[in-house]
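Trainee: I'd like to ask you about the structure that follows.
The values are calculated or read from the model by the stated rules, or taken from the named source; none is laboratory data. Given the structure is predicted, the values throughout are model-derived calculations rather than measurements. Glycine gets a Cβ as well: all are built from the backbone with ideal geometry, and neighbour counts include every protein chain shown.
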2 protein chains.
Amino acid sequence: MKTCWDVVAGGVTAPRGFRAAAVRCGIRQVEVDDLGLLVSETQGTAAAVFTANRVAAAPVRWSRASIARGKVRAAVVNSGNANACTGARGLRAVEATAAKAAELLGLKPHSFLIASTGIIGRYLPVEKLLEGLPRAVQALDGSLEAGERFAHAIMTTDTELKEAALRCELGGGAAVTLGGCTKGAGMIAPGMATTLTFLTTDAAIGRPLLQRMLRRAIERTYNRISIDEHMSTNDTALCLASGLADAPLVREGTRAAGRFEAALTELCRILALKIVADGEGATRLVTIEVVRAPSERAAVAAARAIADSPLCKCALHSGDPNWGRFVSAAGYACSRLDEAKSRLFIGGKLAYAAGAPGKATEAELAAAMAGREVTLRLDLGLGKAAATVWTCDLSKEYVAINADYHT
Amino acid sequence: MKTCWDVVAGGVTAPRGFRAAAVRCGIRQVEVDDLGLLVSETQGTAAAVFTANRVAAAPVRWSRASIARGKVRAAVVNSGNANACTGARGLRAVEATAAKAAELLGLKPHSFLIASTGIIGRYLPVEKLLEGLPRAVQALDGSLEAGERFAHAIMTTDTELKEAALRCELGGGAAVTLGGCTKGAGMIAPGMATTLTFLTTDAAIGRPLLQRMLRRAIERTYNRISIDEHMSTNDTALCLASGLADAPLVREGTRAAGRFEAALTELCRILALKIVADGEGATRLVTIEVVRAPSERAAVAAARAIADSPLCKCALHSGDPNWGRFVSAAGYACSRLDEAKSRLFIGGKLAYAAGAPGKATEAELAAAMAGREVTLRLDLGLGKAAATVWTCDLSKEYVAINADYHT
């Protein structure tokens with residue numbers, strides 16, 4: 001399919017009908033905005049996916065209930081504290097946040113998705129958040145700059161802002177815009193969902209269809225990245241649709257729906273790769289393609305084993321073409337692997353074939369691993385399924401960040 | 001059961017009936033012994049377990065066949081090259097090694113288990129190994145020192161020698177000795193088997209019984225350690241029994257069999273913990289106990305998730321009581337986890353209970369993580385099963401070792 005989208009400026013406020021704000025309320029000790037607010041001007045529709053972790057943060061539990069009620073049109077998010085493993089007191093903090101936000105904006109408490117990110121196991125200083133909310137409401141604005149400030153407020157160990165927007169031609173002259181921002185640099189191995197991600201669109205689209213599209217888009221993008229194989233307790237991806245574009249309703253099975261889903265998936269892919277590229281201590285973005293696998297599940301398992309192995313990540317860090325580490329990781333992840341049929345390419349160079357070293361020289365392989373982006377391609381020769389997983393390298397800086405990070 | 005064993009001096013040559021040797025044949029570039037030979041004076045019995053990796057090294061494929069034939073009584077092992085991912089040429093190198101060793105010692109080629117450890121994907125310089133074999137045969141000796149030299153020859157990134165021996169009272173005045181040595185400091189997450197481990201005993205015991213005991217002992221010791229979650233292509237554990245102790249045959253179901261298995265398991269535990277304690281870059285030995293789990297499998301999964309998470313390992317490195325990382329790792333590994341019933345103890349101090357912070361202060365938890373050995377205990381409150389997994393911390397030194405290690 002010819003791409004139906006173009007990258008445009010901005011993030012969550014790029015589509016029509018959204019206002020955003022960010023303020024500093026003092027949850028983080030550094031002097032940065034740590035409270036964000038995102039509101040749709042219309043009731044519109046909302047879809048979300050959440051962490052599969054059995055230890056789910058208080059805001060995740062609240063937000064699951066909000067999404068189930070079907071009336072979410074705004075989000076309150078804080079950084080600096082995950083409000084996870086905080087028991088009944090954590091839930092009361094979320095309830096107080098939603099009640100206050102509802103009062104200030106004339107909405108219902110369950111109109112709000114609440115999200116938090118930061119340290120686990122510390123009680124959220126909710127009074128700071130409640131103090132900041134009126135200022136955030138005052139600051140609400142529909143400009144691209146407001147969207148950027150919102151994206152800043154959800155950052156923790158991120159070193160770069162992560163936002164993107166796409167304009168999507170639906171056909172027949174109709175077009176919609178999709179925008180989004182995301183955060184994350186560590187504790188990244190999403191399952192079912194992701195780190196914190198906020199997506200917006202001015203498309204008009206029904207809730208069940210948007211939910212299915214969001215789940216599929218996340219499955220092939222966010223759920224295929226890993227920085228450190230550790231799934232967060234707070235993973236949340238929200239998509240709000242305002243319906244304010246001058247475009248007809250996106251209906252299931254139409255060409256417009258196909259185009260919209262392609263753009264939504266591309267937006268998720270762009271944002272997810274920004275996370276991997278900004279991985280804690282990372283110096284390289286690594287794309288791992290597994291092809292001719294017996295099943296998509298097997299392809300994902302093999303790619304993920306390579307992505308998650310610290311030995312592979314160390315070789316990727318130093319640019320050392322020690323490809324035995326990649327092959328052996330696939331070997332313990334695959335229930336089926338035939339050495340005689342398997343081939344590994346690094347940047348297009350054949351490292352391994354028929355159970356033995358391939359024809360590429362060590363110098364060629366080293367050159368293929370020397371850049372900021374590295375691609376590994378494992379051909380299992382067993383079937384027709386394929387999958388791509390993205391990861392980064394493991395550096396001493398990752399250890400420094402995570403041995404020191406506490407509050 | 002009262003312990004029936006005592007630690008004694010030595011390793012593989014501590015039991016009666018074994019000779020060992022080590023020589024330098026030049027496979028490793030550093031000037032150390034890199035070829036080891038271990039021989040039982042009698043045919044006796046042999047049992048072994050091997051890696052579950054689908055990419056199995058040439059020596060593993062040879063040795064599986066040798067063990068299946070039931071006549072193994074000696075082992076040839078080299079360090080510096082894994083002879084994995086080396087195709088037909090790798091297998092020919094193993095065949096040549098076994099043929100030469102058989103000729104020199106007047107045995108059959110399949111009397112030998114062959115094992116290799118080192119870099120994957122490089123052809124083994126077999127001519128060096130064949131040149132070294134006659135010197136190794138000349139050097140064969142039954143002394144404890146010979147056993148120690150053998151243990152040295154199998155080391156790669158290990159910084160400490162790993163050998164141990166136990167004397168086991170079988171009852172009725174009969175006693176046997178068990179000895180062993182092992183290697184490993186990286187690429188350690190054994191599944192079905194282990195890194196390289198050589199065990200000997202002068203007990204008289206049938207092959208099927210010894211095989212079952214070895215498999216159970218490995219399952220609860222070697223298969224419960226992890227340094228970096230990367231299962232090797234060369235994992236091999238061999239147990240040779242000479243039958244030369246002045247003790248009756250160990251028969252299944254007897255008290256003597258129970259005692260022998262307890263001693264064998266303890267020997268494996270001692271050796272496995274030496275690996276974790278010497279983990280690449282490790283500064284702490286971490287014991288993770290999961291209790292009151294719904295099943296042993298669930299307990300192992302939860303403990304392993306904590307052991308394998310780089311975030312948990314970084315917190316363990318810095319001694320930071322950031323216990324949310326431990327709880328969240330269990331949360332993504334467990335299919336069942338009830339926050340209200342779960343409790344986490346660090347060194348006996350309650351860090352987390354009923355879904356919220358426990359009563360221990362941060363200072364108490366930090367003190368419990370400050371030592372060379374740290375114990376985490378997760379009580380799931382769901383059942384009666386339990387499991388223990390051992391791991392180490394993740395340091396910048398691990399990255400330095402593995403980003404630089406190539407040949």
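Trainee: Taking B:LEU376 as the residue in question, decide whether it is in contact with a Phe, Trp or Tyr (Cβ under 9 Å, 6 or more places away or on another chain), closer than 30 Å to A:ALA282 by Cα and more than 10 Å from chain A (Cβ to nearest Cβ).
Mentor: Numbers: in contact with a Phe, Trp or Tyr (Cβ under 9 Å, 6 or more places away or on another chain): yes; closer than 30 Å to A:ALA282 by Cα: yes; more than 10 Å from chain A (Cβ to nearest Cβ): yes.
Here the answer is yes, as B:LEU376 does meet what is asked.
Trainee: May I pose another question? Just checking, which of B:LEU350, B:LEU273 is surrounded by fewer than 24 Cβ atoms within 10 Å (Cβ to Cβ), closer than 25 Å to B:GLU219 by Cα and either not assigned by TED's automatic domain parsing to the domain that holds B:VAL374 or not β-branched (Val, Ile, Thr) (or both)? Please lay out each step first, then the result.
Mentor: Working: B:LEU350 fails: closer than 25 Å to B:GLU219 by Cα.
From the options B:LEU350, B:LEU273, the qualifying one is B:LEU273.
Trainee: Under the condition of being in a loop (DSSP other than H, G, I, E, B) and at the interface with another protein chain (Cβ under 8 Å from one of its Cβ atoms), which residue from the range A:336-350 is farthest from A:GLY371 (Cα to Cα)?
Mentor: A:ARG336
Trainee: Let me spell it out: the conditions are (1) surrounded by fewer than 24 Cβ atoms within 10 Å (Cβ to Cβ); (2) assigned to a helix (DSSP H, G or I), and A:LYS71 meets all of them except one. Which number is the exception?
Mentor: (2)
Trainee: Let me ask you something else. So, in the range A:379-407, how many residues would count as being at positive phi and within 9 Å of chain B (Cβ to nearest Cβ)?
Mentor: So the count comes out to 0.
Trainee: Same structure again: Restricting attention to the range A:162-199, and to residues there that are surrounded by 20 or more Cβ atoms within 10 Å (Cβ to Cβ) and in contact with a Cys (Cβ under 7 Å, 6 or more places away or on another chain), which single residue is modelled with the lowest pLDDT? Break it down stepwise before answering.
Mentor: First, the residues of the range A:162-199 that are surrounded by 20 or more Cβ atoms within 10 Å (Cβ to Cβ): A:162-166, A:168, A:170, A:176-190, A:193-199.
Okay, now just the ones that are also in contact with a Cys (Cβ under 7 Å, 6 or more places away or on another chain), so A:162-163, A:168, A:176, A:178, A:198-199.
Numbers: A:LYS162: 90, A:GLU163: 93, A:CYS168: 93, A:VAL176: 94, A:LEU178: 92, A:PHE198: 87, A:LEU199: 91.
Here the residue is A:PHE198.
Trainee: Hey, another quick one. What residue, among those in the range B:69-107 that are touching a residue at least 40 places away in the same chain (Cβ under 8 Å) and within 14 Å of another protein chain (Cβ to nearest Cβ), is farthest from the chain's Cα centre (by Cα)?
Mentor: Residue satisfying both the conditions and the ranking: B:CYS85.
Trainee: Picking from A:GLY36, A:GLY44, which residue would you name as being closer than 28 Å to A:ARG207 by Cα, more than 22 Å from the chain's Cα centre (by Cα) and not basic (Lys, Arg)? Show your work before the answer.
Mentor: Values: A:GLY36 fails: more than 22 Å from the chain's Cα centre (by Cα).
So the residue among A:GLY36, A:GLY44 that is closer than 28 Å to A:ARG207 by Cα, more than 22 Å from the chain's Cα centre (by Cα) and not basic (Lys, Arg) is A:GLY44.
Trainee: Does the range B:217-271 hold any residues that are within 14 Å of the chain's Cα centre (by Cα) and farther than 30 Å from A:TYR332 by Cβ, and which are they?
Mentor: Matches in the range B:217-271: none.
Trainee: For the range B:356-407: of the residues being acidic (Asp, Glu) and in a strand (DSSP E or B), which is surrounded by the most Cβ atoms within 10 Å (Cβ to Cβ)? Give the steps one after another, and end with the answer.
Mentor: Of the range B:356-407, the ones acidic (Asp, Glu) are B:362, B:364, B:373, B:379, B:393, B:397, B:404.
Those left that are additionally in a strand (DSSP E or B): B:373, B:379.
Details: B:GLU373: 10, B:ASP379: 19.
Going through the qualifying residues, I end up with B:ASP379.
Trainee: Evaluate the following for B:GLY80: is it in a strand (DSSP E or B) and on the phi > 0 side of the Ramachandran plot?
Mentor: Details: in a strand (DSSP E or B): yes; on the phi > 0 side of the Ramachandran plot: yes.
So B:GLY80 passes the test.
Trainee: Filter the range A:108-130 down to the residues that are assigned to a strand (DSSP E or B) and either under 17 Å from A:ALA151 (Cα atoms) or within 12 Å of another protein chain (Cβ to nearest Cβ) (or both), then identify the one that is modelled with the lowest pLDDT.
Mentor: A:ILE119
Trainee: Taking the criterion of being among the basic types (Lys, Arg) and under 24 Å from the mean Cα position of the chain (by Cα), would at least one residue in the range A:334-352 satisfy it?
Mentor: Step one: list which residues in the range A:334-352 are among the basic types (Lys, Arg), which gives A:336, A:341, A:343, A:349.
From the residues that got through so far, the ones that are under 24 Å from the mean Cα position of the chain (by Cα) too are none.
For the range A:334-352, residues among the basic types (Lys, Arg) and under 24 Å from the mean Cα position of the chain (by Cα): absent.
Trainee: Any residue in the range A:259-278 that's under 22 Å from A:GLY173 (Cβ atoms): show its pairings with residues that are in a helix (DSSP H, G or I) and modelled with pLDDT under 90 at Cβ separation under 6 Å, as long as the two are six or more apart or on different chains.
Mentor: A:LEU264/A:ALA217
Trainee: Would you point out which residue out of B:VAL300, B:VAL276 is modelled with pLDDT under 90, assigned to a helix (DSSP H, G or I) and more than 9 Å from chain A (Cβ to nearest Cβ)? Before you say what the answer is, go through the steps one by one.
Mentor: Working: B:VAL300 fails: modelled with pLDDT under 90.
Selected residue: B:VAL276, the only one of B:VAL300, B:VAL276 that is modelled with pLDDT under 90, assigned to a helix (DSSP H, G or I) and more than 9 Å from chain A (Cβ to nearest Cβ).
Trainee: Within the range A:304-323, identify whether any single residue is over 23 Å from B:SER395 (Cβ atoms), within 30 Å of the chain's Cα centre (by Cα), more than 10 Å from every other protein chain (Cβ to nearest Cβ) and part of a strand (DSSP E or B), and answer yes or no.
Mentor: Checked the range A:304-323: no residue is over 23 Å from B:SER395 (Cβ atoms), within 30 Å of the chain's Cα centre (by Cα), more than 10 Å from every other protein chain (Cβ to nearest Cβ) and part of a strand (DSSP E or B).
Trainee: Does A:ALA146 satisfy the condition of being of a type in the set (A, V, I, L, M, F, W, C), touching a residue at least 60 places away in the same chain (Cβ under 8 Å), away from chain B (no Cβ under 14 Å) and closer than 23 Å to B:TYR352 by Cβ?
Mentor: no
Trainee: Follow-up question, since we're still on this one. Collect the residues in the range A:1-25 that are assigned to a loop (DSSP other than H, G, I, E, B) and not charged (D, E, K, R), keeping them in residue-number order. Outline the logic, then answer.
Mentor: We begin by selecting, within the range A:1-25, every residue assigned to a loop (DSSP other than H, G, I, E, B); these are A:1-4, A:9-17, A:24-25.
Of everything in the range A:1-25, those that are assigned to a loop (DSSP other than H, G, I, E, B) and not charged (D, E, K, R) turn out to be A:MET1, A:THR3, A:CYS4, A:ALA9, A:GLY10, A:GLY11, A:VAL12, A:THR13, A:ALA14, A:PRO15, A:GLY17, A:CYS25.
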